[in-house]
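Peer 1: Quick one: the structure is below, and I'll ask about it shortly.
The values are calculated or read from the model by the stated rules, or taken from the named source; none is laboratory data. On a predicted model such as this, the values are computed, not experimentally measured, just so you know. Glycine also receives a Cβ, built like all others from the backbone with ideal geometry; neighbour counts cover every protein chain displayed. For the accessible areas, the whole protein counts, side chains as well, though only heavy atoms, and no ligand, DNA or RNA atoms are used. Shrake-Rupley method; radii C 1.70, N 1.55, O 1.52, S 1.80 Å.
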Amino acid sequence: MKLLELTPAEIAFLSWPPSVPADLPARLTRRLGAMLTARLHRPVQVQVQSGLALADSLLKPCWQPDPALATLWLTRRLGGKRVAGVASFVPCSLIQNLDGLLAECWLDAASPATFPLALAWCIEADPTQAMLSVQLPRNSNDMTRWAREVIRHG
């Protein structure tokens with residue numbers, strides 16, 4: 001079986017420098033933009049948003065992509081060019097990619113003493129605008145355990 005050549009966006013994502021000293025939200029935002037650009041085969045802009053409500057106690061991160069992001073992901077990953085309609089579900093592959101990305105970012109960091117319990121982003125992939133948020137467990141040990149499990153089984 002012949003392997004397909006990597007696109008320039010995929011090469012950029014894979015050659016991203018290993019953990020640079022920076023805070024988790026900034027690193028996660030940069031890597032999220034690179035991953036979405038590579039996977040969707042189109043330029044994606046990601047900006048951090050604020051004002052997210054927190055859930056009670058979680059044992060693992062909880063992703064909340066909006067329908068526009070789910071539709072964009074599904075359309076582009078299935079080879080479509082024009083995004084139309086609204087997906088009635090969130091594709092498992094989107095959550096798996098987001099989990100892997102978050103787990104890598106978390107384990108790359110030296111277990112931050114303080115970290116945000118929720119993050120949100122505005123995602124722009126011309127002409128689509130979407131929102132994505134994630135809520136994290138309050139306990140860093142739970143987060144580390146989850147991240148190791150994701151990497152182990154991913």
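Peer 1: How much accessible area does residue 66 have with a 1.4 Å probe, in Å² rounded to the nearest 10?
Peer 2: About 40 Å², ignoring ligands and nucleic acids.
Peer 1: Separate question: Quick one: if you stick a label point 7 Å off each Cα along the C-beta vector at residue 5 and residue 108, how many nm between them?
Peer 2: According to this spin-label approximation, the distance is 2.7 nm.
Peer 1: Quick one: angle between helix 67-77 and the longest Cα principal axis of the chain, in degrees between 0 and 90, rounded to 10, please.
Peer 2: With rounding to tens, the tilt is 60 degrees.
Peer 1: Once both labels are modelled 7 Å past Cα along the beta-carbon direction, what's the residue 95-residue 14 spacing in nm?
Peer 2: Distance between the two pseudo-spin positions: 2.8 nm.
Peer 1: Order the following by accessible area, largest value first: 92, 62. Probe radius 1.4 Å; ligands, DNA and RNA are ignored.
Peer 2: 92, 62
Peer 1: Using Cα pairs closer than 8 Å and at least 6 residues apart in sequence, work out the relative contact order for the chain, in percent.
Peer 2: Relative CO of the chain lands at 30 percent.
Peer 1: Less than 15 Å Cβ to Cβ from residue 29, Lys/Arg counted +1 and Asp/Glu -1: what total charge do the surrounding residues give?
Peer 2: Within the 15 Å Cβ shell, the charges total -1.
Peer 1: If you don't mind, another one. Quick one: order 145, 27, 42 from most to least accessible surface, probe 1.4 Å.
Peer 2: 145, 42, 27
Peer 1: Answer with a single label: of [x] 10.1; [y] 8.8; [z] 11.5, which was calculated as mean projected area of the Cα convex hull in nm² from the structure in view?
Peer 2: It is the value labelled [x].
Peer 1: Output the 0 to 90 degree angle, nearest 10, between the alpha-carbon long axis of helix 24-40 and the longest principal axis computed from the alpha carbons of the chain.
Peer 2: So the helix axis and the longest Cα principal axis differ by about 20 degrees.
Peer 1: Give me the one-decimal nm value for the distance between modelled label points at residue 77 and residue 151, 7 Å along each residue's Cα-to-Cβ direction.
Peer 2: Reported label-point gap for residue 77 and residue 151 is 2.3 nm.
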